[in-house]
Amino acid sequence: MSDAPADPALRAAYRLCRRRTRIEDPAEYALIQLVPAPLRPALHALWAAANALDDLGDDRTAPAAERAARVEAWIAALHRELPTGTSPDPIRHALVDTAGRWRLDLSDLRDAMAQVRDDTEGRRFADWAEWRAWGRENLLPWFAQVRAILDRAGVPVALRLDTRESYEEFLDGVRLTDILTDLSADLAQGDLLLPAEALARHPGSAEDLARLRWSPTVSALVTDLTGLARRWVGQETFTRGMHPGPATVLHTMAALLRAQLDAVDAAGPALLRTRPRPPLRTRARILAPARTRAALAWSLTPLTLPPSRPPGAPQPVPAPTRPAGAPVFRRPPPHPSGERPPAIPAARLPTHVAVIMDGNGRWAQQRGLPRYEGHRAGAAAVREVVHGALEMGLRHLTLYTFSTENWQRDTEEVDAILGLLRDEVTDNPFRDLDVHMRWHGRAGRLPPDLADLLHLRERTTRGRTGLTLTMCIDYGGRDEITRTAAALARRARAGQLDPDRITDEDFARHLPHPDMPDVDLLWRTGNEQRTSNFLPWHAAYAELHFTPDLWPDTDRRHLWQAVTAYTHRQRRLGAESPNPLSL
C-alpha cells in the first residue's frame, strides 16, 4: 500500500491482519518484514485471510458439516464483497482492498479455498503423489498472489522453467515442516496428514501416533521425514537470476525452516504434546544478516506502487471470484448473427479438433498493416472459435499457436507474437468459462514470465471439465517425437524397457501429454493444404479439412461447418469398407 488508508475501518482492518500475523506466526511476520514497507499490508492481508479460513475449517468445537458451511459462507461473502471493495469482516475488508489496489485476480484462489472446505471431512493420502497434489493445490495459489504483488511493484519473480520443480518441491518442504510442527495439534483432533506410503515404511507408526505413544518406530519415522523436508527446502536453485530482494526472503525462509526442523528433531517425545519452536537466538542469528541484505537490495530498487486514492474515491473493481461450491460457469456469448450451432448428437461429434491457424500475416499485408496486426486480429478469432467449441460441446480443442520454426521470423514479429500471447494469457478471456487451459511445447526458450503465466493458467483451471484448450507454443511435431524417443531410450538404457518389445502404447505413454486423445479432425485455414509438423503422432488417422479463409476472418460458424463436414466422412481407420447393401 502506497499510502495509509483514509478510512478508519480499513486502517483497523490492516492493523488486525498485521497483529494476527505477528502473534500467530512470528516466522512469517519476520519474513514479511524483509520486504519494503509499502508491500507489507497486502502480504499481512493475504496471510490473515488464509489463516482465517484454516481456523474455520479446523474449529473442532463444531461438527464437520457446520465447519464446511462456515468456510463456504466466508468465501461466498468474499465473492459478493469483491466488487464493492469493502466488507463488514475486517480481514475480508483488508483482502478486498488489497485485491483492488494491487489488481489481483482472486479467482485463482478458488480451488485452494475449496480445499479448506473439503478438508473438514478429513484427509487420507495413499502415497506421496496424492499428498503433493493436495499440498501444492493449497500453497501454490497463495504464493502466486505474493508473486503477483511483487510483479505489480516492478519486481517480477518469474521462475526459470528448469527450476520449476525445485520451487514446487521447496513448497512441499514448507508443507511437510508445517505438518511435523503441528503434529501434536493434529493428532489431538484425530488427523494424521502423512501418506500411507511413508507410514508403511515404519510398521506400527500409525497406531503408535494414534495412541500418542513415542516409540522407536515413531522416532525413526520423524527422522526420515525431517530429512526429506530438509532436502526439499534445501533446493534453492530456483532463485538463480532472481532479484536479490525476493531471493533474500526465500533463502531466509529456507534457513528458518531448517531451524524449525532442528527443533522438531530435538523435541523427541514432547513432539506429541506440544508445538516445538527453535531457540530465539537461532532465529536472531538467521534474521539479523537477512535484514541487512534485504535493506541493501531494496534500497537499489525503485518500486511501482498503486496510486493514492482520495477519501471516498471508488474502489477499482477486481476480477470476480466464485464461492467454493460447485462452480457455475457462464455460457459463452452468442454469435452476433444469433446463429446457433448445428444439432449434432454427442456420439457423432469429434472428441478432439486440432487447428492450424494460418493466414494472420497475409491478412495484415492485404490491408497494408504490419504482420503483427494480423496476429492481434487472429486473437479475436481464437476467442470466437473457443466460444463455438463450448456451444457445440466439444471436449478437446488444440491450437497451433507458435511453432518451433516460428523463431526464424523477423525479431519484431516474434516479439509482437509473444507480447500478444502474454497479454491474452494475462487478460484470461476464458476466466468465467468451463475451459481447462493447457500449454504444449518446449520448455526453456519462452520468456520466463510468459511460461509462468501459462503454468498458472493450467494449474488454476485443471478442475474444469467442459473444454480442454491446448495451446501449442514453441511446438514442433518432430521435436515431440524426438524427445519421446529419447525418453524411451533412457528407460531402455536403465533396463526398465526391452527395446525389442516397445509398443505403440509404450510410445504414447512417454509423450509430453500422454493423456491427449488422438485428433479426429485436423482443420487448416489460409488455403494451404499441408499439416506443417503439427501433432504427427496424434493426427495419424485424423480427417483433414482445409478452408480458404484467412484465420482472422474465421469465426465459430467456420468451426461448426468443419465439424459438420466431419460427420459426413466415413471413418474406417484402416478397416474394410462396410457393405453398402447392409446400410
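Quick look at the numbers
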{"quantity": "Residue among Thr84, Thr98, Thr120 that alone is among the β-branched types (Val, Ile, Thr) and over 27 Å from Thr426 (Cα atoms)", "calculated": "Thr120"}
{"quantity": "Conditions (1) touching a Phe, Trp or Tyr at 6+ places or on another chain (Cβ under 7 Å); (2) buried (at least 23 other Cβ atoms within 10 Å of the Cβ); number of the one not met by Val96", "calculated": "(1)"}
{"quantity": "The stretch 413-439 residues that are farther than 15 Å from Thr468 by Cα and without any contact (Cβ under 8 Å) to a residue 24 or more places away in the chain, paired with ones that are buried (at least 16 other Cβ atoms within 10 Å of the Cβ) and of a type in the set (S, T, N, Q) (beta carbon under 8 Å, 6 or more apart)", "calculated": "Val414/Asn406"}
{"quantity": "Criterion: surrounded by fewer than 20 Cβ atoms within 10 Å (Cβ to Cβ), assigned to a helix (DSSP H, G or I) and not small (Gly, Ala, Ser) - qualifying residue of Arg383, Arg331", "calculated": "Arg383"}
{"quantity": "Index of the failed condition, Glu339 passing every other in (1) assigned by TED's automatic domain parsing to the domain that holds Asp520; (2) surrounded by fewer than 17 Cβ atoms within 10 Å (Cβ to Cβ); (3) modelled with pLDDT of 90 or more", "calculated": "(1)"}
{"quantity": "Residue satisfying all of: in the stretch 365-383; closer than 16 Å to Asp423 by Cβ and among the charged types (D, E, K, R); farthest from the chain's Cα centre (by Cα) among these", "calculated": "Glu373"}
{"quantity": "Checklist (1) of a type in the set (Lys, Arg); (2) in contact with an Asp or Glu (Cβ under 9 Å, 6 or more places away or on another chain); (3) within 16 Å of Tyr400 (Cβ to Cβ) applied to Arg464, failing item", "calculated": "(3)"}
{"quantity": "Failed item in (1) farther than 30 Å from Thr301 by Cβ; (2) crowded, with 23+ Cβ neighbours inside 10 Å; (3) among the small types (Gly, Ala, Ser), with Ala64 passing the rest", "calculated": "(2)"}
{"quantity": "Among (1) assigned to a helix (DSSP H, G or I); (2) surrounded by fewer than 18 Cβ atoms within 10 Å (Cβ to Cβ) - the single one Glu121 does not satisfy", "calculated": "(1)"}
{"quantity": "Filter result for the condition that a residue is in contact with a strand residue (DSSP E or B) (Cβ under 8 Å, 6 or more places away or on another chain) and surrounded by fewer than 22 Cβ atoms within 10 Å (Cβ to Cβ), over Thr426, Thr404, Thr411", "calculated": "Thr404"}
{"quantity": "Hey, Leu257 outside any helix (DSSP H, G or I) and surrounded by 18 or more Cβ atoms within 10 Å (Cβ to Cβ) or not", "calculated": "no"}
{"quantity": "Test for Glu72: is it closer than 25 Å to Arg123 by Cβ, among the charged types (D, E, K, R) and touching a Lys or Arg at 6+ places or on another chain (Cβ under 6 Å)", "calculated": "yes"}
{"quantity": "Matching helices (runs of 4 or more DSSP H) fully within the stretch 1-89 where at least 2 residues are more than 26 Å from the chain's Cα centre (by Cα) and under 28 Å from Pro244 (Cα atoms)", "calculated": "8-24, 26-32"}
{"quantity": "Yes/no for Met437 being touching a helix residue (DSSP H, G or I) at 6+ places or on another chain (Cβ under 6 Å) and at pLDDT 85 or above", "calculated": "yes"}
{"quantity": "The stretch 278-304: number of residues that are under 32 Å from the mean Cα position of the chain (by Cα) and outside any helix (DSSP H, G or I)", "calculated": "5"}
{"quantity": "Test: Asp162 is surrounded by fewer than 19 Cβ atoms within 10 Å (Cβ to Cβ), modelled with pLDDT under 85, touching a Gly at 6+ places or on another chain (Cβ under 7 Å) and not β-branched (Val, Ile, Thr)", "calculated": "yes"}
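Table: residues versus (1) at pLDDT 90 or above; (2) in contact with a Lys or Arg (Cβ under 9 Å, 6 or more places away or on another chain).
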| residue | (1), (2) |
| --- | --- |
| Trp47 | yes, yes |
| Asn51 | yes, yes |
| Ala64 | no, no |
| His79 | no, yes |
| Pro88 | yes, no |
| His93 | yes, no |
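The values are calculated or read from the model by the stated rules, or taken from the named source; none is laboratory data. Nothing here was measured: the structure is a model prediction, and the numbers come from that model. Virtual Cβ from ideal backbone geometry, glycine too; neighbours counted across all protein chains shown.
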